[in-house]
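Trainee: Here you go, one structure.
The values are calculated or read from the model by the stated rules, or taken from the named source; none is laboratory data. Only a predicted model underlies this, so the values are computations on that prediction, with no experimental measurement involved. Here the Cβ is made from the backbone with ideal geometry for all residues, glycine too, and neighbour counts use every protein chain on show.
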Amino acid sequence: MAGWAATSAFDRMWAALEPIGREPSTGGYRRFAWTRTDHDLREWFAGECAARGLDLVVDRAGNQWAWWGDPDATPGRAVVIGSHLDSVPDGGAFDGPLGVVSALATVDALRAAGVVPRRPLAVVNFVDEEGARFGVACAGSRIVTGALAAERALGLTDTDGVTMAEAWRAAGRDPELLGPDPETLRRVGCFVELHVEQGRALALPPDGEGGGAEAGPVERAVAVGTDIWPHGRWRIDVPGEANHAGTTRLDDRRDAVLGLAAVVQSARAHARRHGCVATVGKLAVEPGGVNAIASRATAWLDARGADEGAVRATVEQVRDEAAASWGATTREESWTPTTAFDPALVERLGRALPHAPRLGTGAGHDAGILASHGIPSAMLFVRNPTGVSHSPAEWAGPDDCHHGVMALTTVVTDLLDATTPGVDAPPGVGS
Ligand SMILES: [Zn+2]
């Protein structure tokens, strides 16, 4: 369905995007919200939309929506595809842009195939998905849905102390206008976000098929996303007793860092046993002197997994062991339960792509924010043979990218003729 025109358009767009925001010293991307680079990316997006005759509308959060067809003629029935163009510091080329470029190429493929949409179609570029500058991930989708209050968003600061309100002004936007935008969301019937896969789930052979090549068969080039894993963050404080590193006998010490090391090991062991992932990526040690035994050590634990109970059990065992052996206290800082994508939409994608595996993800996405707001949402994942993401090593092969465009085109062709209940009648959109 996608055909030569769409894949060559994909390649041309990809080549045009490649230099924007690339840091020569690392080869990674620094595409942060409301910067000059972001402006260039938004202009590039606007240009591609204009070249296709799509009507560009910017919502009250700054997200760009490019419409094919009148979205207000049939409110609540539009099919929306797209992703984001920003990156983490020294991020890869694919996280975000793959979904935007594939969505634009899908428009070309639909037109080349003579598809006449019975619903409006939009390509969306969500702003500030990574939260790299102001610290809140999915800021564009959180603001437009009201999950992030305007007042709080405007007061967020970057590392130079610049507020989002100031960044908006510098970008020529009026911060007074920033806020939820139910008028825009009321148009949306469903959202499908294509995204690079962020682990090696599609590069590895399916369970029970030992061995196999690095990048398996074509059937595993694209997966249908089912849900976003439950995840949380916990702060674990291990007490100790400050003392001299030279004069205190080993037997006389109460070293908080020893307890912290045990916590890190225990998190790994319990996560493995329960089939989850657990990470300690941030530590603090007091007083923090080379020649001082630590009086306190703090670890921040990030735990996620397909099963809520398994994640909870992992953290409870880490907490109980740390308390019993080291007198540590554990405090939950955040918890997000499973975000399930719309079951009817997932089924529909699965029927359109019968060979595509189904996959949950441990990463957050705008599709998850929209799903939580009650907008039927789902995702497609394109194989990433390196399994690396948020790094210049992030990768998807050209053939797999083209398969992604084909898969998205197949799915959208089906959705544009949609009559299936559940996709036809989104609950409470924009309310
Ligand atoms: Zn992303």
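Trainee: Just give me the residues in region 117-170 being hydroxyl-bearing (S, T, Y) and in contact (Cβ under 8 Å) with a residue 60 or more places away in the chain, in sequence order. Break it down into steps so the answer makes sense when it comes.
Mentor: Restricting attention to region 117-170, the residues satisfying the condition of being hydroxyl-bearing (S, T, Y) are 141, 145, 157, 159, 163.
S141, T145 - these are the residues of region 117-170 that are hydroxyl-bearing (S, T, Y) and in contact (Cβ under 8 Å) with a residue 60 or more places away in the chain.
Trainee: Which condition breaks for V315 when tested against (1) among the aliphatic types (A, V, I, L, M); (2) surrounded by fewer than 20 Cβ atoms within 10 Å (Cβ to Cβ); (3) part of a helix (DSSP H, G or I); (4) touching a residue at least 60 places away in the same chain (Cβ under 8 Å)?
Mentor: Tallying (1) among the aliphatic types (A, V, I, L, M); (2) surrounded by fewer than 20 Cβ atoms within 10 Å (Cβ to Cβ); (3) part of a helix (DSSP H, G or I); (4) touching a residue at least 60 places away in the same chain (Cβ under 8 Å), V315 fails exactly one: (2).
Trainee: Something else about it: If you scan region 1-27, which residues turn out to be of a type in the set (G, A, S), over 27 Å from L408 (Cα atoms) and touching a residue at least 24 places away in the same chain (Cβ under 8 Å)? Spell out how you get there, then give the answer.
Mentor: Taking region 1-27 and keeping what is of a type in the set (G, A, S), we get 2-3, 5-6, 8-9, 15-16, 21, 25, 27.
Next, from what is left, pick out any that are over 27 Å from L408 (Cα atoms): 25, 27.
The one that is of a type in the set (G, A, S), over 27 Å from L408 (Cα atoms) and touching a residue at least 24 places away in the same chain (Cβ under 8 Å): G27.
Trainee: Taking region 320-337, which residues are under 17 Å from S266 (Cα atoms) and acidic (D, E)? It would help to see each step written out before you state the result.
Mentor: Start the filter on region 320-337 by keeping residues that are under 17 Å from S266 (Cα atoms), which leaves 320-331.
Selection gives D320, E321.
Trainee: All but one of (1) within 16 Å of the ligand (Cβ to nearest atom); (2) at pLDDT below 95; (3) not β-branched (V, I, T) hold for R119; state the number of the condition that does not hold.
Mentor: (1)
Trainee: Can you tell me which residue within region 361-392, out of those that are away from the ligand (no atom under 11 Å from the Cβ) and small (G, A, S), is nearest to the chain's Cα centre (by Cα)?
Mentor: So the residue we want is G362.
Trainee: Something else about it: Do we find that T74 is surrounded by fewer than 24 Cβ atoms within 10 Å (Cβ to Cβ) and either of a type in the set (S, T, N, Q) or touching a Phe, Trp or Tyr at 6+ places or on another chain (Cβ under 8 Å) (or both) in this structure? If you could, list the steps in order and put the result at the bottom.
Mentor: Working: surrounded by fewer than 24 Cβ atoms within 10 Å (Cβ to Cβ): yes; either of a type in the set (S, T, N, Q) or touching a Phe, Trp or Tyr at 6+ places or on another chain (Cβ under 8 Å) (or both): yes.
In short, yes.
Trainee: Assess whether G53 counts as being at pLDDT below 95 and outside any helix (DSSP H, G or I). Quick ask: steps written out before the conclusion?
Mentor: Working: at pLDDT below 95: no; outside any helix (DSSP H, G or I): yes.
Against the criterion (at pLDDT below 95 and outside any helix (DSSP H, G or I)), G53 does not qualify.
Trainee: Considering each of T330, T410 in turn, give the residue that is surrounded by fewer than 21 Cβ atoms within 10 Å (Cβ to Cβ) and in a strand (DSSP E or B). Working first, answer last.
Mentor: Values: T410 fails: in a strand (DSSP E or B).
Result of the check over T330, T410: T330.
Trainee: Restricting attention to region 69-84, which residues are hydrophobic (A, V, I, L, M, F, W, C) and under 21 Å from A378 (Cβ atoms)?
Mentor: Initial filter on region 69-84 (hydrophobic (A, V, I, L, M, F, W, C)): 73, 78-81.
Of everything in region 69-84, those that are hydrophobic (A, V, I, L, M, F, W, C) and under 21 Å from A378 (Cβ atoms) turn out to be A78, V79, V80, I81.
Trainee: How many of the residues making up region 157-197 are within 21 Å of G82 (Cα to Cα) and of a type in the set (D, E, K, R)?
Mentor: Here the count works out to 6.
Trainee: Here's a follow-up. Report yes if F134 is assigned to a loop (DSSP other than H, G, I, E, B) and away from the ligand (no atom under 14 Å from the Cβ), otherwise no.
Mentor: Working: assigned to a loop (DSSP other than H, G, I, E, B): yes; away from the ligand (no atom under 14 Å from the Cβ): yes.
Yes, satisfied.
Trainee: Mind listing whichever residues of region 261-297 are closer than 27 Å to R312 by Cβ, of a type in the set (A, V, I, L, M, F, W, C) and touching a Gly at 6+ places or on another chain (Cβ under 9 Å)?
Mentor: Quick first cut of region 261-297, residues closer than 27 Å to R312 by Cβ only: 261-284, 296-297.
Then drop every residue that is not of a type in the set (A, V, I, L, M, F, W, C), which leaves 261-264, 267, 269, 271, 276-278, 280, 283-284, 297.
Those that are closer than 27 Å to R312 by Cβ, of a type in the set (A, V, I, L, M, F, W, C) and touching a Gly at 6+ places or on another chain (Cβ under 9 Å): A271, C276, V277, A278, A297.
Trainee: Which one is nearest to V88 (Cα to Cα), of the residues in region 361-407 that are crowded, with 18+ Cβ neighbours inside 10 Å and among the acidic types (D, E)?
Mentor: Here the residue is E394.
Trainee: Limited to region 87-104, what total is found for residues that are more than 13 Å from the chain's Cα centre (by Cα), aliphatic (A, V, I, L, M) and in a loop (DSSP other than H, G, I, E, B)?
Mentor: 1
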